[in-house]
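The values are calculated or read from the model by the stated rules, or taken from the named source; none is laboratory data. Note that the coordinates shown come from a computational prediction; the quantities given were computed from them, not determined experimentally. Cβ placement follows ideal geometry from the backbone for every residue including glycine, while neighbour counts extend to all protein chains displayed. Areas reflect the complete protein model, heavy atoms only, side chains present, ligands, DNA and RNA absent. Shrake-Rupley method; radii C 1.70, N 1.55, O 1.52, S 1.80 Å.
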Amino acid sequence: MSDLHPDTRAVHVPRPSLDGSTPIATPIYQTSGFAFDDPAVFADGMTRPDGAFVYGRLTNPTVRALEDAVAGLEGGVSAVAAGSGMGAINCVLLGLLTPGDHLIAQRALYGGTASMIADLAHRFGVEVTYVDQDDPAAVRAAVRPRTRLLYLETIANPMTQVADLPGMCAAAREAGLVSVVDNTFASPVLCRPLEHGADIVVHSVTKYLSGHSDVLGGVAVFADEALRRRVWSFAIELGATLDPFAAWLTLRGVQTLPLRMARHCENTRVLATRLDEHPAVTAVHWPGLPSHPSHALAAKLLPDFGGVFSFDLAGGRAAGERFMAALELALLAPSLGGVETLVLHPATTSHRAQTPEELARSGIGEGTVRVAVGIEHAEDLWADFTQALRRTETP
Ligand SMILES: *Cc1c(COP(=O)(O)O)cnc(C)c1O
């Protein structure tokens, strides 16, 4: 059956077949290598990603099961897993770019990706032009003879801008560029960028795909087998391998991804709409709100608006610090996509590397709080937020 809903696809992940039976849960193949009867089969496995399993750095059956599961959810032909989201992103960028190449990237980027792209410029002479995530004309204007790649994020952190994937990827295609989309915040439940013209999708599986704050991992999914080959060859050299146990935990998480995503979005709607009316809050940034600059685009592109939002406290930094210290249920922590609600203060943590001008341009204020909403009961979260907001007013 090919036309399955994501809910069904997530549950029935590809399973390895044994002689005459199939394990329901994919086993953890905790082995670094494989032995052969036939030297020709051994040799074949060394040279192509779909040959026999040879050595753990090339691939492993548990890791392959995860790659196939995520490729299936994203509608790709194949995938390459890595030991972290940054590992997957680096396999793609370093695997496809050479010195002197030019890259077009959206301005609002995950912090690790932003510093990697800056490093690519300093250390490897890869030039970069930054554009807004919804400005295809800027992509067309930025193209040069050595432009190779367009880099986007479906939903950006922490102001949750949504990329105009169809428009941006079409502009990239006209110029012969490879479009890479970080789909971590949306997950394949809310968006499948390959359906909108992207060539490669990357994920930090650390976040929603694994979903329980207990795994580090990444994956790149490909629309095209030739791109997968290039990235796979480089991934082997880089050694950014995913561990079989991490792959297994992630596979287990993937099976409940659609259920969890629905609850993340539902809880976020409750918190974001109520905070939007709260006197201690000056603005709420979530694409589900009509006031968000990406709302119209998001409503066209996504069935729901995601589980991460941010808001600005009227009392600025002092209020932000008091608010976070006063929370009793939500945890003060980095990351997102787990079942627990996590909050952080971008100006002093995730975005500390930005200058005050850069922060101002991205709309991040001293009183901005980012929330990665979990799957708790919404009313318990609201009670926690309201008691903490009360305490921001009384120093
Ligand atoms: C966390 C994250 C990454 C990096 O992933 P790691 O697993 O931490 O290496 C990349 N992109 C986005 C959007 C992320 O949220």
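Mind listing which chymotrypsin sites (Phe, Trp or Tyr not before Pro) in segment 1-84 are in a DSSP loop and have 15 or fewer other Cβ atoms within 10 Å?
Answer in residue order: Phe36.
What's the longest piece of the chain with no exposed GluC sites (Glu not before Pro), counting a site as exposed if DSSP puts it in a loop and it has at most 11 other beta carbons within 10 Å?
1-276
Taking the Cα centroid of segment 76-111 and of segment 213-263, what is the distance between the two, rounded to the nearest whole Å?
What the calculation gives is 14 Å, centre to centre.
With the other protein chains left in place, how much accessible area per residue, in square angstrom, belongs to the chain at a 1.4 angstrom probe?
42 Å²
Could you report the accessible area of Ser179 in Å², rounded to 10, computed with a 1.4 Å probe on the protein chains as they sit in the structure?
Number for this one is 0 Å².
Which distance in Å, rounded to a whole number, links the C-alpha centroids of segment 168-191 and segment 314-359?
28 Å
When the accessible area of segment 319-395 is split by element with a 1.4 Å probe, what percent falls to carbon and sulfur?
Carbon and sulfur: 57 percent of the exposed surface of segment 319-395.
Give the calculated FRET efficiency between Val339 and Arg317 to the nearest 0.05, with a Förster radius of 35 Å applied to their Cβ-Cβ distance.
0.75
Expressed as an acute angle from 0 to 90° and rounded to the nearest 10, what is the orientation of the C-alpha long axis of helix 85-96 relative to the principal long axis of the chain?
Value to nearest ten degrees: 60.
Based on the Cβ-Cβ distance of Glu379 and Phe245, what FRET efficiency does E = 1/(1 + (r/R0)^6) give at R0 = 35 Å, to the nearest 0.05?
With a Förster radius of 35 Å, E is 0.45.
Top to bottom by accessible area (1.4 Å), largest first, where do His122, His295 land?
His122, His295
Can you pull the percent of segment 155-291's accessible area that's carbon plus sulfur, 1.4 Å probe, other chains left in place?
Answer for segment 155-291 is 54 percent, counting heavy atoms of protein chains only.
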